[in-house]
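The values are calculated or read from the model by the stated rules, or taken from the named source; none is laboratory data. Computed from a predicted model, the values in this text were never measured in an experiment. As a convention, Cβ positions derive from the backbone with ideal geometry for all residues, glycine included, and neighbour counts pool all protein chains shown. Side chains are part of the model used for accessible areas, which takes the heavy atoms of the whole protein and leaves out ligands, DNA and RNA. Shrake-Rupley method; radii C 1.70, N 1.55, O 1.52, S 1.80 Å.
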Amino acid sequence: MKRLKLHSLQDPLLQRLYLPFKPLTLSTHFAFPAKLIQTSTTLSRDPHTSSLLSLIQNGRPTSIFYSRILSQCTASKTVGEGMEIHAHMIRFGFSGDPNLRTHLVNFYSKCRCFGYARKLLDESTEPDLVSWSALISGYVQNKLGVEALLAFHDMHLLGVKSNEFTFPSVLKACSITKDLNLGKQVHGIAVVTGFESDVFVANTLVVMYAKCGDFGDSSRLFDEIPQRDVVSWNALFSCYVQSNFCREAVELFMEMIMSGIRPNEFTLSTIINACAGLVDGFQGKKIHGFFIKLGYESDPFSANALVDMYAKVGGLEEAISAFKEIAQPDIVSWNAIIAGCVHHEEYKWALKLIMDMKRSGVCPNMFTFSSALKACAGLGLKELGRQLHSSLIKIDAKSDLFVDVGLIDMYSKCELMKDAKTVLSMMPKKNLIAWNAIISGHSQNGEDIEAVLLFADVYKEGIGFNRNTLSTVLKSTASLHAIKVCEQVHAISMKSGLQSDMYVINSLLDTYSKCSQVKDAAKIFEESPVGDLVAFTSMITAYAQYGEGEEALKLYLKMQDKGITPDPFVCSSLLNACANLSAYEQGKQIHVHILKFGFMSDVFAGNSLVNMYAKCGSIDDADCSFSEIAERGIVSWSAMIGGLAQHGHGEQALKMFNKMLKEGVHPNHITLVSVLCACNHAGLVTEARKYFESMKESFGIEPTQEHYACMIDLLGRAGKLDEAMELVDTMPFQANGSVWGALLGAARIHKNVELGQRAAKMLLALEPEKSGTLVLLANIYASASQWENVANVRRLMKYNKVKKEPGISWLEVKDKVHTFIVGDRSHSRSKEIYTKLDELSDLMSKAGYVPMVEIDLHDVERSEKEKLLLHHSEKLAVAFALIATPPGAPIRVKKNLRVCVDCHTAFKFICKIVSREIIVRDVNRFHHFKDGSCSCGDYW
C-alpha cells in the first residue's frame, strides 16, 4: 500500500494511548451570550411549526408532541418558535422531563444558542450522555473546537461515559484545534472503553491524525480498520488532498479501485481536486470517465469540481464544455468557470460570464468580485474597477482579505497607487498577503525606491515576509542596481532559511547579475541544491551580457546533461553569447536546437538569430533568418538594418529601412542609429544629412548623443571637419566621449594635428582611464612626423602608468575558441603558425606587398618593425585558420580593436593567394576580404 512514510513509529501505537486526560487550560469557561448568537439565526416562522403552536394554544399537549415540534424547530433552525415551545413546556410543567431537556439542548446547540444549552445542562441534576453529545456536536458543527473540548472535559469530570456518537465529535474538535496530544488522549479513552473498533470512531481517528500532520499513525490506523468502506477511504483522501499530498491521494484511489470498493460522488470530487492540484489533465480525464460510468456527472458538487479541474488543468474549451453540461449552475459553478477564464487570461470572457450569471438570477459573492477585479487588473479597466469597489461599499460587504488584496492589485495595475494604499489603510487586519500586494504594486509601477523602503518598514515592524516578498524586493533592487540592498536581502534570506528556496535563489541570481556581480551570482548558482530552467537561464544570460560567452556555452552543456529542456529565452541568450564571441559554428548549433524544439515562431529567438548571424559575419544567413520571422517588429527590422550597416552594405540598409516604413513599422531611436551608421560605413553623407535633419519632423524622435556621434563621425571620415565641428558647437547638450572620440578618429585619418590635440584634451578630461586616447594622439603626431611630440606622449603614458590595450584576436575552430595576442607563442600549434606566416610573407612580397612600418611606433630597426607587423594578433589568427580549417572554407576572425592598416592591406593579398574569403570583425564593423579587395572599399 502506497502511503506517506513521514516517520517510523518506534513504539507500538497503543503504548502511547493510555494517557490521563488533560483538559485545555483557559482562564475562563466559555459561554456564548444567547442574544448575540440569535442575531445570526433565522427568525421567520415555518408554516407547519406555526400550525403546531396554534394547537398548543387550544389544548394540553403531550411529551411526545413537544418532542416532535422541537425536532422540527431544530431542523429548520427557527429560534423564535423553539423558544416559544420552551416557554410552553415550562408553563405546563414539562421542563423537568429528561427526554425533552435533551431535545432542548440539541435544539439550542444546533441554533448556536450555546449559553441556553449549557444552562440547561448545568441545571440538570443528572445530565445524560445524549445532551452532552448534542452540545459538543453543536460546537464542532460551528467550528468551535476549543469550546467542544472544554465541554468534553466537564462531561468527563462528571463521570459521563462517551459512546460511538460522542467520540467522533470530540476527535473532530481535536482536528479543528490541531491538538495532536489531546487527540491521542481521547484515542486512549476510546481504546479503554472499547469504541476504537467502531467504524465511525475509526474513520474519525484516521482523519484526526492526518489533519494534525501525523500521517504515519493515520496510515497505520487506516490499515487496522477491519472492514474499510468508502467512507473510510474518503476520509483519508480528503486529508491527503487538504494537506497537498495530491499524488499520494491519486495512488490511494487506484488502490481502492483495485480492492473492489466502489467510489461515490464525494470520492471522485476529492480526487478530481487532487488532479487539479497536480495539474494532471490526463488523470483528470480518467476520473471524469468514472463520473460518467458511475452516473455521477449530474451531481452538482461533482460537476463543479470537474469545471474547476478543467479550468486549472486543461484548455478553457474543456472547462466551458463541462460547465454547459450543468443544467442549473449555482454560484460555485459560475465562480469556477469565471476563475478559469481569469486563469487563462481571457479577461473579457470572464466579465461577459459575470453579466450572464447576473442575468440568470445568480447573485455574485466575494469570490466573483475577486475574479472580476483580477479581470479589470488584467485589462487595465480602472473605471470598471472603481464601479466594482463602489458596489462592494454599497452592499456594505464586510472586509474580505481576497477582495481587499484584489482591489490593491487592481489599483496597482491600473497605476493608481494612491487608491491602492487607501484600500490597505482601511483594512482592519493587514496580513502579509496585503503588504506583499502593495510592495508588488510599487515595483510594477517603477516605484522601486518606495518598494524597498516599504519592505524595510514591514521588516522592522516584525510583520514578516515570505519568498514572494523577497522576490519582489529583489526585482526592485535589480532595477536600482543597489548591490548593498541586494546583499542585505541575501543575508535576510539566509537568516530565515529561505536561501535554499529556488524562487529566492533565482531572484538573487537575477539581481546579482543585473548589478554586474557575475561572480557572486555564479557562487549562488553553484551552491544551489537543484538548478532549474530559470536558474540556468539567469546565469547563462548574465554570462552572455557581461562578455563571458564561453562560460555561457559551457553552462548550456551542463544544462543539457541534467536533461533540462531549454526555452526560447535561453536560446536567445546563447545566441547573444555566440554573437559576442563571433562563434559562428556554435551559433549554428543553437539554431538547430531552436528548430528541434519548435522555437522558430518565437520573435525573441528569431531576432537573436538575425543578430547572431550578422555579428558572426554571415549577412546572408541573417537575411534568411529575418525572412522566416512571422511577425517582424521594430527589433527585427533594427537588427537586420544594423547588420547590413556593420557589413558595409549601406545602400541595402537604406532600402531595408524604406521597406520597413512601407510596411507601417515606426522606427525608434535605435533604428535611426543603425541607419546613420549604415550611411557612415558607406560614406553616404547626403543621405545621412537627410535622415538626421528630418528625424523629429518625420518620426517624432529627438536626436540623442548617439545620433550626433554617428553624424559627426561620418562628416569627419568624409573630411568635412569644419562641418563636424560646427555640429559639435550647435549640439543642444555637452559633447560626450563618443563625440570627441569620433573627432579624434577623424583627425587621425586626415592627419589633422590641431583637431587631434583638442579632441584628445577633451577625451582625457572626460575619460582619463582610457589608454586609446594617447595612443591615437601619438599616431597623429607620428603621421605628421612630429617625433618629439610622439616621445612626449609616450613619456606621459609611462608617467601615468597608462598601458595600451593589447590587440586580441580570436576565432572558432571545431567548437573551440582560439585567442591570440601580438607575438603570441603560447598556442599548441605555434610552430606551424609561424611557419605559415613566413610562407605567406614570401608569397605576399612576390605579389607586391610592402609592410607599412611607419604605423609602428617602436624605436627599433625596420626589419624588427616588419617582424612585429607580421606577428600582429589578427595575422596569427588567420595563419592558424589556414592550417586548422578545410581548404576553401571562409575564415572568420574577431578583433577587440580597430583592424590596423597594415593587416587590412595584407589580408587583401592573402585572400587572393589562398583563394579564401577572410571575414574580420573589428570594434567598428566587418571587413570581407575576397579576390584581393575589401567590402569596406578602404573606407573605415
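Observations, loosely collected:
- Ranked packing of 891-901, 598-608, most packed first, by mean Cβ within 10 Å: 891-901, 598-608
- Normalised by 2.2 N^0.38 Å, where N counts its residues, the alpha-carbon radius of gyration of segment 809-934 equals 0.98.
- Sum of side-chain charges, Tyr613 neighbourhood, beta-carbon under 11 Å (Lys, Arg +1; Asp, Glu -1): -1
- When only Cα pairs below 8 angstrom with a gap of at least 6 residues are kept, the chain shows a relative contact order of 4 percent.
- Overall form of segment 328-473 per C-alpha gyration tensor (a/c, 1.5; a/b vs b/c): prolate
- Alpha carbon Rg of segment 724-805, scaled by the compact-globule rule 2.2 N^0.38 Å: 1.08
- Sequence-separation-based contact order of segment 729-795, relative, with Cα cut under 8 Å and 6+ spacing, percent: 30 percent
- Summary of packing: across the peptides 384-392, 845-853, 158-166, 144-152, the per-residue average of other C-beta atoms within 10 Å ranks them, highest first, as 144-152, 384-392, 158-166, 845-853.
- Fully extended contour minus Cα-Cα distance, from Arg359 to Gln488, at 0.36 nm per residue: 41.1 nm
- Percent carbon-and-sulfur accessible area, segment 724-805, ignoring ligands, DNA and RNA, probe 1.4 Å: 51 percent
- Take 265-276, 458-469 and order them by the average number of nearby Cβ atoms within 10 Å per residue, most first; the result is 265-276, 458-469.
- Amide H contacts under 5 Å for Ile808, placed H, 5+ residues apart: Asn896, Leu897
- The loop-placed GluC sites (Glu not before Pro) in segment 806-894, going by DSSP, that have at most 10 neighbouring Cβ atoms within 10 Å of their Cβ come out as Glu861.
- Cα-projected label distance for Phe92 with Ile670, points at 7 Å along beta-carbon direction, nm: 9.0 nm
- Carbon + sulfur, % of accessible area of segment 157-200 - ligands and nucleic acids excluded, 1.4 Å: 59 percent
- Estimated vicinal HN-Hα couplings, Hz - segment 660-666 in sequence order (Karplus 6.51, -1.76, 1.60; Gly, Pro = x): 4, 4, 5, 7, x, 8, 7
- Taking Cα atoms only, the orientation of helix 230-242 departs from the longest principal axis of the chain by about 40 degrees.
- Accessible area in square angstrom per residue, the chain, 1.4 angstrom probe: 48 Å²
- Additional length obtainable on full extension of the chain from Thr686 to Glu723, 0.36 nm per residue less Cα span: 12.0 nm
- Shape of segment 647-728, Cα gyration tensor, a/c cut at 1.5: oblate
- Angle of helix 772-783 to the longest C-alpha principal axis of the chain, folded into 0 to 90 degrees and rounded to 10: 10°.
- For the pair Met427 and Val753, a Förster radius of 51 Å applied to the C-beta separation gives a FRET efficiency near 0.10, rounded to the nearest 0.05.
- Gyration tensor verdict on segment 289-328 (Cα atoms; rounded if a/c is under 1.5, prolate if a/b is larger than b/c, oblate otherwise): prolate
- Ordering Ala117, Gly683, Leu470 by Cα displacement along the dipole of the chain toward the positive end leaves Ala117 in first place; charges were set at the Cβ atoms of Lys, Arg (+1) and Asp, Glu (-1).
- Accessible-area composition of segment 809-934, carbon plus sulfur, in percent [1.4 Å probe]: 52 percent
- Label selected from (1) 81, 30, 26; (2) 44, 36, 27; (3) 62, 37, 25, the criterion being semi-axes √(5λ) of the Cα gyration tensor in Å as computed here: (1)
- Of the whole protein surface, Thr472 contributes about 30 Å² of accessible area at a 1.4 Å probe radius.
- In degrees, nearest ten, helix 753-766 long axis to first principal axis of the chain (Cα): 20 degrees
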